[in-house]
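Here's the structure we're looking at; comments come further down.
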Amino acid sequence: MDADFDNKIQEIVSRVNIFDVVSDVVHLKKSGANFFGLCPFHAEKSPSFSVSPDKGLFYCFGCGTGGNIFTFLMKAKGMTFQDALEHLAKKTGVDLPKRRLTKDGAKKKELKTQIYEINALAAGYFQTIINSPEGKTALNYIRNERGLNRETIDLFKIGYAPDKWNGLANFFAGKGISNEWAEKAGLIAPRQSGGYYDVFRKRIIFPIQDIDGNITGFGGRILGNEEPKYLNTQETPVFVKGRTFYGMNITWPEVRRTGDVFIVEGYFDLIALVQSGINNVLAPLGTALTANHINSIKGYVKRAYMLFDSDNAGMRASERVLPLFFDSGIDACIVKLPQGDDPDTFVKREGASGFAEKLKNTQLLWEFYLNNMVSRSGPHPWKKSGAIDEILRLLSKVSHPVTRSIYVKEVAEKFGVKEQAVLHRLGTREITVKEDASVFLTSQNKNEKTLIYLMLTCPEEMLSLRNYIKDFESAELIPIAEAIFEIYVKEKAMDIDSLLGKIQDEKIRNIVVKIIFEGEQIDNSKTSIQSITRFFELKRIKDEEKRLTLELSRKQQTGNEDEWKGLLVMKHNLVKKKKELLKKAV
């Protein structure tokens with residue numbers, strides 16, 4: 001990076017509080033000088049994710065992930081460094097200098113930008129069609145049969161793809177959009193006989209937007225009885241169905257405010273609830289809820305309400321989604337609607353007040369699942385045994401031992417069996433628990449971490465401190481200390497944000513951030529520097545003493561008196577030097 005670009009990065013960092021960036025994704029609570037919340041990068045129930053506004057850094061003491069505002073955006077939102085930089089520059093009003101991207105980086109950036117622009121054009125086209133004579137049937141359907149008003153239609157940018165093979169393709173051609181680019185956006189596809197055709201035809205169109213309002217893709221509902229009933233954009237560099245919620249750009253503020261979310265299956269379900277004034281609702285895109293979906297909302301959501309339409313559907317869904325909520329910190333509940341109802345039909349008939357009344361009879365998803373398993377097994381021992389095995393198959397995915405033991409106790413009580421028997425059966429299954437990353441940096445290398453911390457915070461002492469890297473015993477910390485020194489030599493300065501941007505190895509970057517967080521209690525004064533210097537000098541003396549003692553023993557056995565007497569003198573001098581160092585420490 002050139003100096004001008006580095007200066008711009010520092011200007012952005014000075015204008016952005018990392019708390020504001022992280023709190024868009026993680027619900028944070030103040031504890032001392034820092035803020036804590038549930039980590040968005042791994043499953044946990046107790047907050048171990050720390051944010052330090054003073055340092056401009058975050059670190060998770062559970063999974064070991066750490067970094068600055070740029071690192072967070074890259075990991076939490078899938079941005080490249082350049083994307084994160086431009087996002088924050090736009091947010092802070094900082095003008096970035098024109099920068100020459102690598103060929104690959106330029107291609108990726110151009111592709112994403114083009115897809116967003118093409119999607120915006122397509123959304124405008126679909127909205128124009130639904131308000132034209134061609135879209136009259138579709139507009140009548142969503143207004144009269146689905147009960148959507150004009151304000152709601154405009155809010156969700158609902159449109160219509162006409163029953164034409166090349167309506168959108170011709171529209172793009174008129175706008176100068178190449179078939180190649182439109183295909184990359186997933187909106188047209190090549191014919192075997194040559195040419196292109198529209199992917200969405202005779203469908204009501206629901207633009208899918210990210211939290212910033214960018215249109216990432218589309219969902220289309222057929223107007224008629226043809227199959228498939230629903231169709232989504234194919235996956236593109238800006239659209240991944242398995243991690244995207246519909247409506248998030250509209251409903252997320254209310255989800256954050258309440259800490260509760262209603263999870264529904266369809267576009268019309270979500271839209272009907274929002275039109276009724278129920279705004280804390282999200283919908284996966286015609287696919288099963290995934291771990292990526294849960295990871296994107298945990299930390300803010302305390303309670304998730306799953307809306308199902310019958311006992312059978314609820315049972316199947318509970319088996320599928322229950323493991324996703326283990327260790328998430330989210331209480332998953334089930335809202336059973338009357339037979340034949342979905343959220344759309346129910347809220348239209350009963351209204352928001354009827355919906356609120358229904359919530360009084362919610363049940364934890366785990367309780368619903370467990371009760372159904374007990375009921376399904378009946379009094380037969382072999383059926384009970386089989387049901388318990390099915391339940392334990394799910395519980396084997398619970399990583400927290402205390403949580404797992406609570407579930408086991410409840411299973412034993414519900415089935416009327418001994419808890420020890422259930423524990424024994426569970427013990428035969430392999431349970432993989434992710435090792436706590438905090439065990440990595442132990443007290444054994446505490447002084448080595450202290451030296452690295454002082455290298456970072458007292459760069460004026462860098463040259464003298466660097467001499468002790470060769471005395472490190474931790475193989476993991478040596479390359480980190482050397483990397484810090486090399487960057488200092490090259491940059492002639494030490495800036496934490498600049499440093500983290502230059503460390504390509506994620507593991508090394510995470511450890512550097514951890515050292516900074518752990519170093520909060522270290523006084524980076526001259527006294528601390530003298531203390532750590534004295535420690536390593538003493539360590540060298542002790543190591544040399546051990547070497548001389550072994551050498552002295554060998555020389556005494558060989559009988560070479562001059563040599564072993566010389567070694568004795570050396571050892572005596574070392575002892576004297578050690579006493580002097582220890583005296584200074586008093």
Can you go through Tyr468, Tyr488 and tell me which one is of a type outside the set (A, V, I, L, M) and in contact with an Asp or Glu (Cβ under 9 Å, 6 or more places away or on another chain)?
Tyr468
If we keep just the residues of segment 144-191 that are part of a loop (DSSP other than H, G, I, E, B) and under 32 Å from the mean Cα position of the chain (by Cα), which is surrounded by the fewest Cβ atoms within 10 Å (Cβ to Cβ)?
Lys157
Can you spot a residue in segment 72-88 that is free of Cβ contacts under 8 Å to residues at least 24 places away in the same chain and acidic (Asp, Glu)?
yes
Among the helices (runs of 4 or more DSSP H) confined wholly to segment 198-304, which include 3 or more residues that are closer than 30 Å to Lys164 by Cβ?
267-275
Keeping to segment 7-40, report how many residues are part of a strand (DSSP E or B) and surrounded by fewer than 16 Cβ atoms within 10 Å (Cβ to Cβ).
3
Evaluate the following for Val402: is it farther than 20 Å from Ile330 by Cα and among the β-branched types (Val, Ile, Thr)?
no
Output the residues belonging to segment 360-391 that are of a type in the set (A, V, I, L, M, F, W, C) and surrounded by 13 or more Cβ atoms within 10 Å (Cβ to Cβ).
Leu364, Leu365, Trp366, Phe368, Leu370, Met373, Val374, Ala387, Ile388, Ile391
Out of the residues in segment 41-67 that are of a type in the set (S, T, N, Q) and farther than 24 Å from Phe245 by Cβ, which is surrounded by the fewest Cβ atoms within 10 Å (Cβ to Cβ)?
Ser46
Go through segment 225-243 and give me each residue that's out of contact with any Lys or Arg (no Cβ under 9 Å at 6 or more places or on another chain) and crowded, with 22+ Cβ neighbours inside 10 Å.
Phe239
If you scan segment 259-306, which residues turn out to be β-branched (Val, Ile, Thr) and closer than 25 Å to Arg150 by Cα?
Ile263, Val264, Ile271, Val274, Ile278, Val281
Residue pairs qualifying under the 7 Å Cβ cut-off, at least six apart or on distinct chains, with the first in segment 177-189 being closer than 14 Å to Thr216 by Cα and assigned by TED's automatic domain parsing to the domain that holds Gln114 and the second being among the polar types (S, T, N, Q) and modelled with pLDDT of 95 or more, are Ala185/Asn119
Would you be able to say whether some residue in segment 209-225 is without any contact (Cβ under 8 Å) to a residue 12 or more places away in the chain and of a type outside the set (A, V, I, L, M, F, W, C)?
yes
Pairs only if they're at least six apart or on different chains, beta carbon under 7 angstrom, first in segment 462-483 and touching a residue at least 40 places away in the same chain (Cβ under 8 Å), second assigned to a helix (DSSP H, G or I); list them, first residue then second.
Leu465/Leu451; Leu465/Leu454; Leu465/Met455; Tyr468/Leu451; Tyr468/Phe536; Asp471/Phe536; Asp471/Lys539; Asp471/Arg540
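Each row is one residue, and each column tells you yes or no for (1) out of contact with any Pro (no Cβ under 7 Å at 6 or more places or on another chain); (2) farther than 21 Å from Ile503 by Cα.
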residue: Glu11; (1), (2): yes, no
residue: Phe19; (1), (2): no, yes
residue: Val26; (1), (2): no, yes
residue: Lys29; (1), (2): yes, yes
residue: Gly37; (1), (2): no, yes
residue: Ser52; (1), (2): yes, no
residue: Thr65; (1), (2): yes, no
Please indicate, with yes or no, whether at least one residue in segment 318-341 is of a type in the set (Phe, Trp, Tyr), free of Cβ contacts under 8 Å to residues at least 24 places away in the same chain and assigned to a helix (DSSP H, G or I).
no
Determine whether Ala76 is within 26 Å of Phe245 (Cα to Cα), assigned by TED's automatic domain parsing to the domain that holds Ile12 and part of a helix (DSSP H, G or I).
yes
Given the structure, is Phe70 modelled with pLDDT of 95 or more, buried (at least 21 other Cβ atoms within 10 Å of the Cβ) and either closer than 30 Å to Ile205 by Cβ or within 18 Å of the chain's Cα centre (by Cα) (or both)?
no
Checking Asp6, Asp2 in turn, the sole residue that is closer than 28 Å to Glu491 by Cβ, modelled with pLDDT under 85 and touching a Ser or Thr at 6+ places or on another chain (Cβ under 8 Å) turns out to be Asp6
In segment 189-213, residue nearest to Arg143 (Cα to Cα) [restricted to those that are of a type in the set (Val, Ile, Thr) and at pLDDT 95 or above]
Ile204
Do we have Asp327 as under 29 Å from Ala291 (Cβ atoms), out of contact with any Gly (no Cβ under 6 Å at 6 or more places or on another chain) and at pLDDT 90 or above here?
no
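The values are calculated or read from the model by the stated rules, or taken from the named source; none is laboratory data. Because the structure is predicted, anything quoted here is derived from the model rather than measured. Every residue, glycine as well, gets a Cβ built from its backbone with ideal geometry; the counts of neighbours run over all protein chains shown.
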